[in-house]
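Following: one structure in structure tokens, then a few remarks.
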Amino acid sequence: MKKDTVLQINNLQFGYEKSKLIYDNFSLELEKGQLVSIVGGSGCGKSTLFELISGSLHPIKGTIKAAKIATIYQDPYSSFHPTYSIQEQIDDVVAPYESSELNQILHLLNLQKEFLYKKPHELSGGQLQRCSILRAVLMKPDLILADEPTSALDNIIALETMKMLLSFLDKVGILLITHDKELAVWCSDHIRDIENKDSNR
């Protein structure tokens, strides 16, 4: 991959049945500083693409090259263990980091430090999703996979959360899954509508 390329997919072919392909000759390139959205209705294969990129699934043909990945999921409550504090769960997956770095990201995300000592059920959905972003950014990824990261939030909190996520584009590339085409148009450098095979903005 080129220096600033964080994801390169070439001629991907995949289907759970070979006679019924979800992806056929699908290619995509994403660079640091870019946000690319994958849009389409429920069941069209958006989340399958993330599983292919993360290595949980393997293509029939084609290649996928990805730099270091962190993932933000649709439901923040399902992405944290219910019985451990947010701080404990961040420390489980993040290498040692400077307190100044943590404080800077907390400030950008409008999170209070005491939230980190709480358990997931003690936070609102918006607060917990921002904790998901905090954890992802502290992992120092090159690529963030964001799977419907705002669909469980109300419109105002969703917009604030997306703006916060976009503020980290100087450090990463972001691949966003969303069913919300208006959101994709608002935030994306490129859009791939996988229900409309000819769509590529």
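Reported count of residues in the range 55-95, each being exposed (fewer than 14 other Cβ atoms within 10 Å of the Cβ), outside any loop (DSSP other than H, G, I, E, B) and in contact with a strand residue (DSSP E or B) (Cβ under 6 Å, 6 or more places away or on another chain), is 3. None of Q13, Q34 is among the polar types (S, T, N, Q) and within 14 Å of R192 (Cβ to Cβ) except Q34. Of all residues in the range 96-121, those satisfying the criterion of being at pLDDT 95 or above, surrounded by 14 or more Cβ atoms within 10 Å (Cβ to Cβ) and assigned to a helix (DSSP H, G or I) are F115, L116, P120.
A quick yes/no check of all residues on (1) in contact (Cβ under 8 Å) with a residue 40 or more places away in the chain; (2) within 22 Å of E160 (Cα to Cα):
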{"residue": "I72", "(1), (2)": "yes, yes"}
{"residue": "H81", "(1), (2)": "no, no"}
{"residue": "Q89", "(1), (2)": "yes, no"}
{"residue": "V93", "(1), (2)": "yes, no"}
{"residue": "S100", "(1), (2)": "no, no"}
{"residue": "I105", "(1), (2)": "no, yes"}
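Selection within the range 3-47: residues that are in a strand (DSSP E or B) and among the small types (G, A, S). The member of this set that is farthest from V137 (Cα to Cα) is S27.
The values are calculated or read from the model by the stated rules, or taken from the named source; none is laboratory data. The structure presented is a predicted model; accordingly, all values stated were derived computationally and were not measured. Counting neighbours? That spans all protein chains shown, and the Cβs are built from the backbone with ideal geometry, glycine included.
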